1. Quick one: length gained pulling residue 3 to residue 126 fully straight, 0.36 nm per residue minus the C-alpha distance?
2. Could you work out how far apart the two model spin labels at residue 207 and residue 174 are, taking each label as a point 7 Å from the Cα in the direction of the beta carbon, and quote it in nm?
3. For residue 68 and residue 118 in the same chain, what is the full-extension length gain: residue separation times 0.36 nm, less their Cα-Cα distance, in nm?
4. Taking segment 3-215, how much of its Cα-Cα pair set, in percent, is spaced more than 33 angstrom apart?
């Protein structure tokens, strides 16, 4: 559901972090917001709901401009995980161009993961999107804790879906950018088929992903070189 203004020659993309309550969706975005290039992302906005939060930020507030002049902005959202906020989750999910499902690696949370993923599928259908077509990645967060689901068991259960899977710890910052980079790449493939970003706009996938996932330290190192 890409927001595209042909007259203004600009495109706004929306990525949503979805998952069970307290799986680390908010921590993912807080970590990502801190890691990414400070000149390439906007202020973090928080929408408080009772006992939960929805946060979002504009990753490219001043737009990424393709060689053709096409301007692209990316917005990144989380949804509240609690069931009672289901209406809010559906509202945030509307017009999403890509989804990161954040699962909780703790063994005790396996059932919640399955129920939340099923809820994601139902919510996508409700807002007119298909889980089989939308760019989607799965991240198992909290990999730094004890009593977590083994990598073997995660692979056995989830790899048959064909959805890219990442292990991560939002607390310590590993696996966060990797998850996001893959989602950005899949989103490029998805919109390139319709808007021919490379052919008509001269924007290749490597540049697209690099611009959107540039880390602050990379820019600092480049400046020192």
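FYI, it's all coordinate maths here, none of it is from the lab. Computed from a prediction, not measured in an experiment: that's the story for all the values here. FYI the Cβ positions are ideal-geometry reconstructions off the backbone, even for glycines, and counts take in every protein chain you see.
1. In short, 42.4 nm is gained.
2. About 3.4 nm separates the two model spin labels.
3. Here the answer is 14.0 nm.
4. So the pairs more than 33 Å apart make up 12 percent of the total in segment 3-215.
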